[in-house]
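The values are calculated or read from the model by the stated rules, or taken from the named source; none is laboratory data. Quantities reported herein were computed from a predicted structural model and do not represent experimental measurements. FYI the Cβ positions are ideal-geometry reconstructions off the backbone, even for glycines, and counts take in every protein chain you see. What goes into the accessible areas is simple: the full protein's heavy atoms, side chains included, and nothing from ligands, DNA or RNA. Shrake-Rupley method; radii C 1.70, N 1.55, O 1.52, S 1.80 Å.
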Amino acid sequence: MDAQIARYPRRGKLAANWWMCAAPASRAAVRPDPDAGWVAIGSPQPVAAALRDLGHWSLDEAPRAFDGQDWWYRLRFDHPGAPGESVVLGFDGLATLAQVQLNGKPLLDSDNMFIAHECEVGDALLATGNELLIRCGSLDAALVQRRARPRWRAPMVDHQQLRWLRTTLLGRTPGWSPPAAVVGPWRDIWLERRDGSHLRNLRMQATVSDGTGVVRCSVELPIGSPTGVTLELDRGGEVHSQPLEGRYGSGEFAGEMQLPDVQLWWPHTHGEPRLYRATLCLRQADGTPARIALGNVGFRTIELDTANGDFRLKVNGVPVFCRGAVWTPLDPVSLRASRAQCRDALIQARSAGMNMLRVAGTMVYEEDHFYEACDEQGVLVWQDFMFANMDYPGEDPAFLASVQCEVRQQLERLHARPCLAVLCGNSEVEQQAAMWGAPREQWTGALFERTLAGLCAAHCPGTPCWPSSAHGGSFPHQADRGTTSYYGVGAYLRGLDDARRANLKFATECLAFANIPGAAALERMPGGLTTRVH
């Protein structure tokens, strides 16, 4: 279900006239000097992407420590709105330690790049001359703080205490990802005027039982407006309608629609990825109608068979051989791609025969139009939560609260996607612990086995949950039990028959075939000819 643009016609992105400057790392959000080297960057984006667009930095140069400084962003804008109107300022992603000021007053603090924030600012806005300031503090300075040591080491990162900070490992894994640590706004910043048609807590759950599709829908609207709400589903001009019942005095509307002989969503290797267009029809208190597009809904069942150490997915009761790749952001510097770029990449993946892509815990949660394209192209998604390899402090109350907020937001965003096939707690945490020699009882923990699994069961009951990308057997990296990262053929240069003799059950990543760069290309890369390659 992708409805952000259609659902919010009064939302405007703050996407122009931004400025940026660097400042020495500091514990306090001290406003930079007006002459501190502010540069116009146009749109809000991560530091490395902004400097690349200005021609001040590129991946061809020596690595730069973007985490070693504070970075400031500034926007001045007018807002000639009506007095007392409801206006929300939204931040879809700030990396990573961010403080925000509006007109000289603190607005929010954020220490998790994967959490979105909404702030009511109607009373704080001026008709002209508003100033928005964002400080993104130095991660290097934060890592100096003394904290409990991890129980095992993750060699892919330089600083083991990165486990305390909810940020991506992209750009922070020497020799593994491009050296462009993500600092700054990495998702949209927007203003929205809200009125009686604004939706809150919209939830749609599509299930299938004996050939009948069932959609349960609930939504909150301001009390007293509208007076009637109807859910419509449309496929090929065939429209199904279901009035939603209002709960007196609460502003909540809810209902259930049943579609006999529903058209099922299939991965493209097994059928057509059929989708229904969902619309919410409102009847306002004055009798005027309003239609709000909610995006697409698909009907399918996903089952996970783990009998006898196996790992097998069934879609609509049919076993599916999953084949695909690990998805990485199309631009590892900005972490953004247009809707058209994303769709083109998904079409290429489909044309190559792929029917599953994995968003790994070493990356970031993708944009809505990635999942929309997967829905449309019939490509399943294995979705890791953004944890990888490290010993995360799930017992720390503040860390746990932040993670719970992050995961709830992501599940509310993704739960209605028919492409969503597996929710996975992390990337190779169990494997890293086992290979480092940690005791078996430390390989798993409450964070992944209970907290994340419980949230998945509550918010996304139709999608299987799996603790870690490598899980099962005597060791997590055992090929013939559960899931594993398999590199016998490819990275470890074994013969093709090894894939058969290993009795591999399910590889969440595998092979690592690569086109080896030549000497000229290596010389241009950070590290030059000393870069480790096979």
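Summary of values
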item	result
Neighbourhood net charge (13 Å Cβ-Cβ; Lys/Arg +1, Asp/Glu -1) for residue 236	0
Distance in nm between pseudo-label sites at residue 474 and residue 487 (7 Å out along the Cβ direction from Cα)	2.2 nm
For region 336-450: rounded, prolate or oblate by the Cα gyration tensor [a/c cutoff 1.5]	prolate
Neighbour net charge for residue 360 - beta-carbon separation under 14 angstrom, K R +1, D E -1	-3
Separation of the residue 11 and residue 256 label points, Cα + 7 Å toward Cβ, nm	3.0 nm
Helix-only mean residue ellipticity at 222 nm for the chain, each DSSP H run of n ≥ 4 adding -39500 (n - 2.57), per residue, nearest 500	-4500 deg cm²/dmol
Using θ = phi - 60° and Karplus 6.51 cos²θ - 1.76 cosθ + 1.60, couplings along region 472-477 (whole Hz; Gly, Pro as x)	x, x, 5, 10, x, 8
Net dipole in debye of region 35-153 [+1 Lys, Arg Cβ; -1 Asp, Glu Cβ; about Cα centre; nearest 20]	720 debye
Where chymotrypsin sites (Phe, Trp or Tyr not before Pro) fall in DSSP loop in region 274-327, at most 15 other Cβ within 10 Å	321
Karplus-derived 3J(HN,Hα), 6.51/-1.76/1.60, for each residue of region 13-29, Hz, glycine and proline x	6, 8, 10, 8, 6, 8, 10, 9, 8, 9, 8, x, 4, 8, 6, 9, 7
Computed magnitude of the charge dipole of the chain (debye, nearest 20; Cβ of K, R +1, Cβ of D, E -1)	640 debye
Positive-end residue, the chain charge dipole about Cα centroid, Cβ charges, pick of 461, 128, 389	389
Residue among 301, 21, 490 farthest towards the positive dipole end of the chain, charges placed on Cβ	490
In region 232-303, the GluC sites (Glu not before Pro) that fall in loop regions by DSSP, at most 14 other Cβ within 10 Å	none
Gyration tensor (alpha-carbon) shape descriptor, region 1-118, a/c threshold 1.5	prolate
Normalised contact order of the chain, rounded percent, pairs of Cα under 8 Å and 6 or more residues apart	13 percent
Extension gain, residue 500 back to residue 234 (0.36 nm per residue minus Cα-Cα distance, nm)	91.2 nm
Estimated FRET transfer efficiency when R0 is 56 angstrom, pair residue 270-residue 35 (beta carbons, to 0.05)	0.35
Computed label-point distance, nm, for sites residue 347 and residue 400 using a 7 Å Cα→Cβ extension	4.8 nm
Accessible surface, per residue, of the chain when the full set of protein chains is kept, probe 1.4 Å, Å²	45 Å²
Calculated percent of Cα pairs over 47 Å apart (choose from (1) 31; (2) 13; (3) 67), label	(2)
List 391, 140, 123, ordered by accessible area with a 1.4 Å probe, largest first	123, 140, 391
Accessible surface of the chain, 1.4 Å probe, proportion on carbon and sulfur as whole %	51 percent
